[in-house]
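Below you'll find the structure, written out as structure tokens, and then a few comments.
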Amino acid sequence: MKSARTFYRSQRVVTPDGIRDTHVVVEGETIVGLSETVDARSGTLVDLGDAALLPGIVDCHAHVNEPGRTEWEGFTTATSAAAAGGITTLVDMPLNSIPATTSREALATKAAAAAGQCAVDYGFWGGVVPGNQGELLPMVEAGALGFKAFLIHSGVDEFPMSRREDLARAMPLLAQAGVPLLVHAEKTDHEGEPEGDPRRYETYLRSRPQSWEVEAIRMMIDLCREHRCRVHVVHLSAADALEDIRRAKEEGLPFTVETCPHYLSFAAEEIPDGATFFKCAPPIREAENRERLWEAVESGLIDLVVSDHSPCTPALKKLEAGDFAHAWGGIAGLQLSVAAVWSGMRARGMGLDVLAERMARRPALLAGLSARKGSIEKGKDADLLVFDPDATHAVTAEEIRHRHKVSPYVGKTLHGRVVRTILRGETVFEAGGAERAPSGQRVFARR
Ligand SMILES: [Zn+2]
């Protein structure tokens, strides 16, 4: 008779209370407890040896682009890459799919597109755009986990930017619903063409200064104070904004911030001319800025680290021309995000507990999913990542499961290997193994 219980033993189980040598006891889809000793006759013992056992990673910032721009990426390929990268929950951004997820109807369209295709669990952010206030609460009822807005051109015409007065109309509604407003925080009155040689990265970098982020973040702190609506700054690149964020948090405002693996992995000085696969907005900045971001990741001033996987077709990256001015801005890195962040953490003396906190527990909290996701604790879903933190490997295009293999991580040597990814008790990825049938389900918030 097949036993219903599985005991996952590791010398390094990463829990919210620290790293322990213990067994994680799983029954069906759920973690039913942690135990130093188990009676192996009452279940199946899986000894992971010195491989670490982490909570499945929660990536609450990915652009899957389906329906409408499925040639850029899609649910099958994105979630397969997620599983291979140790991610067990993915939250999709309201753009660059068509329609953009800015109405209840569009949310239903996207949910229908995703159903049955996903290798990991998934949820959806909605979007705030000028004039769609009437759709916001219906979208919350229909399962939107929160909303994203842009303070600058979003890159696609279906998702117009919001002005201060647009946000002032939306924020009281979001505060009432208890969902966060996620903001692309760059603001300027003057978004022109970069001036100079378009093949040089520096030309692009100079065209999007830190002051754009600082100005946007100051406005969002004001609006957060005024409306007491949770505000979350996505993909912070400018370390110059950290002081304002620190003061907002000290004031007790419900204000959080994320950064992304590419801002922590790369430096402007090292980006070759024409290497447009490094283009994103806000831009990757200098090494000195990167180190200030890392300090904030370590201290917790930066709450979470998520991929901002934003792929497109290779043609849109203008690789042949190497034209930073006209290439699509977005980095493809979903599958490599955990190894990239871990490589940086390891080099700076941070532990796996920090990795789990920034990439699993905090993102789950932001998305309202922490009742089930984000940590190894009794009662949570058995979403687990078996991880060899000491393994190294050079990233190849062949291993990448994204729809397109263009990524700045190709050729880079990273620490940390995803050995196995477990979703609600079932293995959904095993290194060297075949692809599994999709078993991901949609997730909803419990607030
Ligand atoms: Zn994004």
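Every number here is computed from the coordinates shown, using simple stated rules; none is lab data. Keep in mind it's a predicted model, so treat the numbers as computed, not measured. Ideal geometry is used to build each Cβ from the backbone, glycine not excepted, and the neighbour counts take in all protein chains shown.
Tabulated results
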read-out	value
Angstrom value of the Kirkwood radius, inverse mean 1/r, which spans all Cα pairs in the chain	21.9 Å
Descending principal axes extents, segment 335-403, alpha-carbon based, whole Å	37, 34, 20
Distant alpha-carbon pairs in segment 1-92 (separation over 16 angstrom), percent	63 percent
Compactness of segment 196-272 - radius of gyration and Dmax, Cα, Å	14.7, 45
Order by protection proxy (mean Cβ within 10 Å, highest first), peptides 90-103, 33-46	90-103, 33-46
Over segment 236-356, volume per residue of the alpha carbon convex hull, in Å³	111 Å³
Potential extension, Ala115-Gln133 segment - 0.36 nm per residue separation minus Cα distance	3.8 nm
Descending semi-axes in whole angstrom, ellipsoid equivalent of segment 38-138, from the Cα gyration tensor	35, 15, 12
Förster-model FRET efficiency, 51 Å R0, Glu71 and Ala4, C-beta, rounded to 0.05	0.70
Estimated inter-spin distance, Ala397 and Glu191, nm [label 7 Å along Cα→Cβ]	3.1 nm
Ala267-Glu298 FRET efficiency (beta carbon distance; Förster radius 22 Å; 0.05 resolution)	0.75
Two-site FRET efficiency, Asp157 against Gln11, from Cβ-Cβ distance with R₀ of 45 Å, rounded to 0.05	0.30
Residue-span extension gain [Arg206 to Ala108] - 0.36 nm each, minus C-alpha spacing	31.2 nm
Cα-based Kirkwood hydrodynamic radius, segment 119-265, one decimal, Å	16.3 Å
Full-extension gain in nm, Arg41 to Ala437, via 0.36 nm per residue minus C-alpha separation	139.5 nm
Cα-Cα P(r), segment 114-172, percent of pairs per 10 Å interval	21, 46, 26, 8
Burial order of peptide ranges 397-409, 160-172, 117-129 (average beta-carbon count within 10 Å, highest first)	117-129, 397-409, 160-172
Debye equation applied to the C-alpha atoms of segment 1-46, log10 I(q)/I(0) at 0.20 Å⁻¹	-0.59
Furthest towards positive pole of dipole, Leu173, Leu301, Ala437, structure part the chain, Cβ charges	Ala437
Relative intensity, log₁₀ I(q)/I(0), of segment 52-198 from a Debye sum that treats every alpha carbon as a point, q = 0.09, 0.11, 0.21 Å⁻¹	-0.30, -0.45, -1.26
Spin-label pair Asp390/Asp240, simplified geometry with 7 Å Cα→Cβ offset, distance in nm	4.4 nm
For segment 361-447: rounded, prolate or oblate by the Cα gyration tensor [a/c cutoff 1.5]	prolate
Size of electric dipole in the chain: Cβ of Lys, Arg +1 and of Asp, Glu -1, about Cα centre, debye, nearest 20	1040 debye
For peptides 387-394, 62-69, 175-182, sequence by mean Cβ density within 10 Å, most packed first	62-69, 175-182, 387-394
